[in-house]
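Laboratory data are not the source of any read-out in this text; all were calculated from the coordinates shown. From a predicted model like this one, the values you see are computed outputs, not experimental measurements. As a convention, Cβ positions derive from the backbone with ideal geometry for all residues, glycine included, and neighbour counts pool all protein chains shown.
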Amino acid sequence: MTQFFFALTNVEAEPILKQEIRLRYPELRMSYSRPGFITFKADNDSTFDPLFCRVSGVCLGKFKLSELGTERAWAYPVHSKLELPVSLKALSDQSLFKKGETVRLIVMAGADEFWVCSYVLKSHHFQTPGETSSILPREVPSRAYYKIAEAYEAFDLPFEQQETVLELGSAPGGASLFLLEQDLKILGVDPADMDPAILKRINFKQLRKPFETLAPEDFRSDVDWIISDINLPPTVVLKEVFRLLTFLGPRGLILTLKMNDLKHLEVVASIREQLRKQGFRKVELKYLPSHKKEICLLALHD
């Protein structure tokens with residue numbers, strides 16, 4: 001039985017997503033696509049849950065506006081130049097879905113060109129049409145602010161007040177700002193300059209040195225979390241994190257892994273097992289709305 005699937009992703013991640021499909025789902029063939037919206041065809045029943053997309057599921061076909069009906073649905077235009085019809089926007093604004101329900105998603109790909117899709121709303125999904133970010137834009141030191149904010153919402157991160165976060169590559173301070181707003185203590189490791197406003201915060205301390213040189217004597221208290229958004233290959237970041245785990249015992253890791261080379265897909269495939277051997281019981285990967293060629297890794301001991 002022929003089946004079609006869809007994936008919504010950010011344009012920068014399309015090459016990685018297509019490579020992932022070739023590796024994990026070799027039976028699928030590309031079908032219709034627009035920048036950020038790709039469909040795939042399977043000749044038999046199959047499962048479909050790729051990593052490098054905001055949301056994915058079953059594609060039910062292409063329709064005109066007059067054929068869509070009025071049942072609950074979210075509507076999403078594939079690019080900003082497309083304007084949703086007033087009736088469809090009103091329907092989308094009025095529709096609510098709970099975790100565990102099947103979302104009816106109408107993807108607008110062109111003038112009077114609508115693709116009806118469906119997916120199950122999971123606990124880590126944003127409750128927004130097209131899995132777009134619900135974090136409001138504001139003036140922040142860097143894009144890292146939005147990435148950690150989205151991870152916090154998607155994973156419902158169990159931060160506790162005054163926990164200590166070791167942030168690798170903290171400059172200029174985007175992620176640090178969000179973490180400080182959650183009443184956490186930040187030890188930022190970066191030889192580069194931090195935003196002056198971050199340096200004024202009482203709960204922030206900077207070690208101006210490369211994170212590769214961190215040693216046990218750099219730490220006067222326990223570290224509860226290790227966080228990183230360093231623009232280095234995931235092999236380099238993970239090597240250093242595993243080294244730190246030989247003398248630190250954080251209860252959680254939140255790592256943004258840069259996927260600038262398609263060969264890093266193989267690294268991602270082995271990450272879960274490596275971290276479970278380190279004692280992390282929960283290991284999850286998620287492509288966040290603010291991501292480009294990267295993916296968020298969450299690992300928790302509890």
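How many angstrom separate the Cα center of segment 58-118 from the Cα center of segment 239-302?
Centre-to-centre distance over Cα atoms comes out at 34 Å.
So what's the angle, to the nearest 10 degrees on a 0 to 90 scale, between helix 234-244 and the longest Cα principal axis of the chain?
40 degrees
Relative to the first principal axis of the alpha-carbon coordinates of the chain, what is the inclination of helix 14-24, with its axis defined by its Cα atoms, in degrees from 0 to 90 and to the nearest 10?
In the chain, helix 14-24 runs at an angle near 80 degrees to the longest axis.
Nearest 0.05, what FRET efficiency do ALA269 and PHE159 give at R0 = 35 Å with Cβ-Cβ as r?
Details: r = 29 Å, r/R0 = 0.82.
For R0 = 35 Å, the calculated efficiency reads 0.75.
Roughly how many Å is it from the Cα centre of segment 123-167 to that of segment 32-56, as a whole number?
The two parts, judged by their Cα centres, are 25 Å apart.
Angle between the Cα long axis of helix 144-155 and the longest principal axis of the chain, 0 to 90 degrees, nearest 10?
70 degrees
List the trypsin sites (Lys or Arg not before Pro) within segment 1-102 that fall in a DSSP loop (any state other than H, G, I, E or B) and whose Cβ has at most 16 other Cβ atoms within 10 Å. Could you put the intermediate results ahead of the total?
Working: sites: LYS18, ARG22, ARG24, ARG29, LYS41, ARG54, LYS62, LYS64, ARG72, LYS81, LYS89, LYS98, LYS99; in loops: ARG54, LYS64, ARG72, LYS81, LYS98, LYS99.
Of the trypsin sites (Lys or Arg not before Pro), the ones in loops of segment 1-102 whose Cβ has at most 16 other Cβ atoms within 10 Å are LYS64, ARG72, LYS81, LYS98, LYS99.
If we count every other residue with Cβ under 14 angstrom of GLU101's Cβ, Lys/Arg +1 and Asp/Glu -1, where does the sum land? List each step's numbers first, then the result.
Working: positive: ARG72, LYS98, LYS99, ARG104, LYS122; negative: GLU71.
Summing Lys and Arg as +1 and Asp and Glu as -1 gives +4.
Farthest toward the dipole's positive end in the chain, which of LEU121, SER170, PRO15, given Cβ charges of +1 (Lys, Arg) and -1 (Asp, Glu) about the Cα centre?
Of the options given, the answer is PRO15.
If I build a Gaussian network model for the chain, linking alpha-carbon pairs within less than 10 angstrom, which residue out of ARG243, ARG138, ARG34 has the largest mean-square fluctuation?
Looking only at ARG243, ARG138, ARG34, the biggest GNM fluctuation is shown by ARG138.
Quick one: what are the phi-derived ³J(HN,Hα) couplings along segment 57-74, Karplus 6.51/-1.76/1.60 with θ = phi - 60°, whole Hz, x for glycine and proline?
Per residue, the Karplus-derived 3J(HN,Hα) values read x, 8, 9, 9, x, 9, 9, 8, 4, 5, 9, 7, x, 10, 5, 3, 6, 9 Hz.
Check segment 3-131 and count each lysine pair with an alpha-carbon distance under 19 angstrom, considering only pairs eight or more places apart or from different chains.
Details: LYS18/LYS41; LYS41/LYS62; LYS62/LYS89; LYS64/LYS81; LYS64/LYS89; LYS81/LYS89; LYS98/LYS122; LYS99/LYS122.
Final tally of qualifying lysine pairs is 8.
Share of antiparallel DSSP beta bridges in the chain, in percent to the nearest 5?
Values: 39 of 60 bridges.
If I count the DSSP bridges inside the chain, around 65 percent turn out antiparallel.
For LYS277, list the lysines whose Cα falls under 24 Å from its own Cα; do not include residues on the same chain fewer than 8 positions away.
Candidates past the 8-residue exclusion: LYS239, LYS258, LYS263, LYS286.
Amide H to amide H under 5 Å from LEU232: which residues, 5+ apart in sequence or cross-chain, H placed 1.01 Å off N in plane?
Residues meeting the amide H criterion: LYS258.
Tell me the net charge near LYS81. Cut-off is 14 Å between Cβ atoms, LYS81 excluded, with +1 for each Lys or Arg and -1 for each Asp or Glu.
Numbers: positive: ARG34; negative: GLU83, GLU113.
With Lys, Arg at +1 and Asp, Glu at -1, the net is -1.
Only four residue types carry charge here, +1 at the Cβ of Lys and Arg and -1 at the Cβ of Asp and Glu. Report the dipole size of the chain about the Cα centre in Debye, rounded to the nearest 20. Kindly include the intermediate steps, with their values, before the conclusion.
Details: 39 positive and 40 negative charges, 75 e Å.
Charge dipole, the chain, about its Cα centre: 360 debye, nearest 20.
What are the residues whose amide H is under 5 Å from the amide H of SER170, where those residues sit 5 or more places off or on another chain and H is modelled from the backbone?
VAL189, ASP190
In vacuo Debye scattering of segment 25-97, one point per C-alpha: log10 I(q)/I(0) at q = 0.22 Å⁻¹?
Normalising to I(0) and taking log10 leaves -1.19.
Let me know the charge dipole size of segment 144-300 about its Cα centre in debye, to the nearest 20, where only the beta-carbon of Lys, Arg (+1) and Asp, Glu (-1) is charged.
On the way: 21 positive and 23 negative charges, 73 e Å.
Approximately 340 debye in magnitude.
Can you work out ³J(HN,Hα) from phi for every residue in segment 196-206, in order, using Karplus 6.51 cos²θ - 1.76 cosθ + 1.60 and θ = phi - 60°, giving whole Hz and x for Gly and Pro?
x, 5, 6, 4, 7, 6, 5, 8, 10, 9, 10
Compute the length gained on full extension between THR70 and GLU12: take 0.36 nm times their separation in residues and subtract their Cα-Cα distance, giving the result in nm to one decimal. If you can, show how the numbers build up before the last one.
On the way: separation 58, 0.36 × 58 = 20.88 nm, distance 3.37 nm.
Going from the current span to full extension adds 17.5 nm.
Semi-axes of the equivalent ellipsoid for segment 174-302, please: Cα gyration tensor eigenvalues, times 5, square-rooted, ordered largest first, whole Å. Each step should come with its number before you reach the end.
On the way: eigenvalues 114, 62, 43 Å².
So the three semi-axes of segment 174-302 are 24, 18, 15 Å.
On the principal axes of its Cα set, how long, how wide and how thick is the chain? Give whole Å, largest value first.
For the chain, the Cα extents along the three principal axes come out at 67, 39, 31 Å.
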